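Since the structure comes first, as structure tokens, the remarks are kept for the end.
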Amino acid sequence: MRNGNLGWIVFALPVSVVPLLAVAVVMPSGTQSVHTKSVPTLDQTTSPFFAKNCIGCHDSKSKAGGLNLESLRRADTVNRDRDTWEAIIRKISTGEMPPQGSPQPTPVEIRATTRSIETEFERIDRINASNPGRVTAHRLNRAEYENTIRDLLSVETHPAQDFPQDDSGYGFDNNGDVLSLSSSQMEKYLASAEKIARTAIFGPETLDPTLVRHEPSRGRIVGTNTIPASYDTSGLNLPNSMHALHRFPVEGEYLFRYHLEGVRPLGSDALHLGLWIDGRQVKSMDFDPTGSAAFNPDRQDFSGRTVECRMRVPAGDHWIAATIAHMFEGLPVAYAGANPSKRVVPPPEFNPPKNFPPERIAQFKKRFEARQKEIAPVNDARVNALEIGGPYAQVKTPSAESLHKVFICGHLHGGHNADCARKIISDFGRRAFRRPMTPQEVGRFTRFVTLARSKGDSFEEGICLALQAILVSPNFLYRIEQDPLPKPAAEAHQISQYELASRLSYFLWSSMPDDKLRDLAAHQTLRNPGVLKAQVQRMLKDPRSSALAQNFGGQWLQFRALESVHPDRDRFPDFDDYLRLSMRRETEMFFENMIRDDRSILDFLVGKYTFMNGRLASFYGIPGVEGPAFRKVDLTGTPRGGILTQASVLTVTSYANRTSPVLRGKWILENILNAPPPAPPPGVPNLDVTTVGSEASLRQQLEQHRKNPTCASCHARMDPLGFGLENFDAVGAWRTNDGKIAIDSSGTLPDGRSFQGPDGLKTVLQADSNAFADCLSAKMLTYALGRGLERYDRSTVKGITKQIAATDYRFSSLVQSIVASRPFQMRRGDRTQ
């Protein structure tokens, strides 16, 4: 709840299916109160249970843990103190209470007591279900702003890169309550609007060339006389190459400057350099230092050397790779190592630089012959940095697509007339405001054109000024939903068809409605159930639905955090930027496939397939996958499957230098079961990890930690879940030992269920399919609405869960149920009006 002290916990999970956590909340101001003609006691069901098992520690005198059960004897406390009752159910249903060592109630007693309280919950939820909630005016977040500009004007300026990071609420950065607007950010919107409008009408501004340096966050450099297992001839998999994401502000020609380091054996072929953009090789170059002043009779030395090339690149974000191709080919016999067929013997007439002294040539030949007999590796050539400069020869003309999206009146083809300005403003405003403009609004923005013309500026300049004004209007920057008038102050009502179109498009595409949605809204047919269902199906198949994977999936599964993860280089020397990018792309593509193929959401838990390229396959130890292209791979016979075993999730739930069963268990509670534990109490000592892997396992340390009664309750739920993933190290690689200590990946939950390893953990989670469905329904409804869920949303989530369970848990059923729900199609009025 918005005013809660401990945060929102799971609100719709059946207690018999999944552990509930305590909810410390206050009832929202808009929640309907529950009145009953008579308030029966709960003595018949709860009092005997409490008297036998609980009251000794939780009476009015002892109040262990701050809980006084004697104050909760009346039924009305179930509504008034809902958080406390949920905590009680969770603790007794999961076996956390009574504490170990105390007499335990029978399963029959537990079921009877929890069912009695659940029945009262359900009665309250049915009464409160009539409240659809109210969404705060929603400012477009960074992703929504950029996507909207792209679809509105076909402009690839990426303006939001200069905006401050959006705050998050309830786990998502599209929450209307936290998307505030400061005066400094308004200044950025003003500057952005001018740049966008001028780019659309007059073309990109002329940019002075700049130089950006990228340095790899690499660990181990490959330099051996044997070909590593991850090697492919492109060099993409080697840390000797480097990878970076780079934003190109405009289309144009760019300089790529390789900074080289390291050495190769004497007599090797020239270094083969490759430039890759978005997984496609666009340039290859050979570099041989032996003909330069850096010639060394002992070796090919690349230290301090640079190689340059130029390429035309379109505007936008692109993955750039600078590689050393065929790194283990063209080596002298002594260094060809494990690939005899690639051995090359340099000719005796090896050509040194001009004017090289004869005595030095003799010395060179002698050393070369000696080196032919050596085995020691001397091949560690590498790209030490990549500088990208530009733009040069940039494209300065506006795109035809941008011009046609603005000048809809025939102005570009001699069809200009006196009413052209109003037509342009009306059409652009209809799309930008995501509703038709009023005549007054059209007149107001058209006056900008008149003003510009009166000062001697061109018609195009006037239109540009009007577009700028529209782009800084609250009606563009915010998704504003109007309450109909006249109306009772807080009456629930359907949102307009245009507002429904916006909710739908920003939910699935993180962007504005397209022409089809706008036309249906204009004809008042979008809300028709059959029409709405067809539109959802169409939108999910559209490539723009990848935004749901990136923005919802990236925050729910937290793989966005990979950008800021920096594993310890000494402990994980094989972790590099290419692996980081591959990890993220795997999870994105897994989610995109879920959308595109309408898979069961249970595949998130147990799907025995994934998407990987050669780098990730090598890291996972899966043969037969080579090159930079991602493809679908069957995981049968491997310990991997589902999101829990993907390296992205495993890495963001670890520390830089070690795994953390606590972090991983907490992640599962929060993102799979929607049952986050409370914050740890103050003063709890940290683990002593100095002996982990040598004298004791991390598991043993945590077992010692749980002996503290303050810690035992939460850790009894978190730690076993995390133990099930201990066979994966802190960057997601499979292991059987942690240092010298064998991994024990078994776990026992508080309710007595036990499992072994990641497959056993997934089996336990799959057995509670509805628990996961409840969690995902709650998370996605939160994202779709752009607000936190309240108590009155409980019945909605339960209904969504029931619906998707009846349709084999299909992903489309989840989305369709959310779109058809009362909170998505309705809103509560504003009491203050």
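Here are a few things to note about the model shown:
- For region 598-682, the normalised intensity computed at q = 0.15, 0.19, 0.26 Å⁻¹ comes to -0.67, -0.95, -1.29 (log10 of I(q)/I(0), Debye sum over alpha carbons, equal scatterers, no solvent).
- Whole-angstrom gap from region 154-173 to region 378-394, using each part's C-alpha centre: 29
- Using a Förster distance of 30 Å, the FRET efficiency for ALA629-SER746 (Cβ separation, nearest 0.05): 0.20
- Peptides 508-521, 770-783 ranked from most to least packed by the mean count of surrounding Cβ atoms within 10 Å: 770-783, 508-521.
- Using θ = phi - 60° in the Karplus curve 6.51 cos²θ - 1.76 cosθ + 1.60, the 3J(HN,Hα) couplings for region 508-513 round to 8, 10, 6, 7, 6, x Hz; x is entered for Gly and Pro.
- Where Rh is the Kirkwood radius over Cα pairs, Rg/Rh for region 67-184: 1.24
- Count Lys and Arg as plus one, Asp and Glu as minus one, and take only other residues whose Cβ is under 11 Å from that of PHE611; the net charge is then 0.
- Relative compactness, region 236-325, computed as alpha-carbon Rg over 2.2 N^0.38 Å: 1.19
- Dipole axis of region 420-525 (+1 Lys, Arg; -1 Asp, Glu on Cβ), positive-most option in CYS420, ALA522, ALA501: CYS420
- Peptides 308-321, 605-618 ranked from most to least packed by the mean count of surrounding Cβ atoms within 10 Å: 605-618, 308-321.
- Shape annotation for region 111-163: C-alpha extents along the principal axes are 61, 24, 18 Å, from largest to smallest.
- Treating r as the C-beta distance of ALA806 and VAL108 and R0 as 35 Å, the FRET efficiency rounds to 0.75.
- Taking the Cα centre of region 522-656 as reference, the dipole from Cβ charges on Lys and Arg (+1) and Asp and Glu (-1) amounts to some 540 debye.
- Fraction of alpha-carbon pairs over 22 Å apart in region 387-476 - percent: 32
- Segments 109-116, 632-639 sorted - mean Cβ within 10 Å per residue, highest first: 109-116, 632-639
- Along principal axes, Cα extents of region 442-494, largest first, whole Å: 52, 19, 13
- Its alpha carbons considered, region 744-833 gives a radius of gyration followed by a Dmax of 16.9, 61 Å.
We did not get these values from a lab; they are worked out from the coordinates using the rules stated. Computed from a predicted structure; not experimentally measured. FYI the Cβ positions are ideal-geometry reconstructions off the backbone, even for glycines, and counts take in every protein chain you see.
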